[in-house]
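Undergrad: The structure that follows is given in the form of structure tokens.
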Amino acid sequence: PDTAKRLRHTLAKRPVHIGVFGLSNINGTLDFVAGAVSGAFGAREHLSSFQRRQHTFKVPVYRLDSLDITGNSIILKVDVEGHERQVLDGARGLFEQGRIKAVYVDGYSDKTIPSFLKHYGFVLYDGHTFQRATIDAPSHLLAVKEVTTG
């Protein structure tokens, strides 16, 4: 809610919709834990030392592919404190439709993420150096949809 409030203030004169919800691989609710510092809150299943265990709250969550998103050139930035694979799984329909063109994952621990992205035709880059990466990609990952000609 605090992040949404800051975004509303920052983007007050822009034609954007700001939703107060999380993204996951389900449509429902998840227990979240408040962060000890701003922005470090996340799903309780991925608890870290940056979170206050005693301060939990329920958050509505949605699959990204269940939302009414227009356009066919979607760029995702995923920074969700351990919930990255669930967010990507919840966008599977958009990946299958070829609507996602680039993904930046700002830290992750699930080692299946690079192969997930490669499966959908993405080329992997180190998100800090922008050097081409292998399947053993760094934790900051830029994935760009490979363009085929023909």
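The values are calculated or read from the model by the stated rules, or taken from the named source; none is laboratory data. The model shown is predicted, which means the values in this text are computed figures rather than measured ones. Positions of Cβ are backbone-derived with ideal geometry, glycine not excepted, and every protein chain shown enters the neighbour counts. Heads up: the accessible areas ignore ligands, DNA and RNA and are worked out on the full protein's heavy atoms, side chains in. Shrake-Rupley method; radii C 1.70, N 1.55, O 1.52, S 1.80 Å.
Undergrad: Under 22 Å Cα-Cα from Lys13, which lysines qualify once same-chain neighbours fewer than 8 residues away are excluded?
TA: Within the straight-line limit of under 22 Å, Lys13 reaches these lysines: Lys5.
Undergrad: Rounded to the nearest percent, how much of the accessible area of segment 57-150 (1.4 Å probe, protein heavy atoms only) is carbon and sulfur?
TA: The C+S portion of the solvent-accessible surface of segment 57-150 is 51 percent.
Undergrad: Further question on the same structure: Return the loop-located chymotrypsin sites (Phe, Trp or Tyr not before Pro) in segment 87-150 (DSSP other than H, G, I, E, B) with at most 10 other Cβ atoms within 10 Å of their own Cβ; answer none if there are none.
TA: Answer by residue number: Phe130.
Undergrad: Which lysines have a Cα less than 16 Å from the Cα of Lys101, not counting those fewer than 8 places away in the same chain?
TA: Lys77, Lys118, Lys145
Undergrad: Here's a follow-up. Can you give me the long-range amide H partners of Ile26? Hydrogens built in the peptide plane at 1.01 Å from N, cutoff under 5 Å, separation of 5 or more residues or another chain.
TA: Here Arg63 satisfy the definition.
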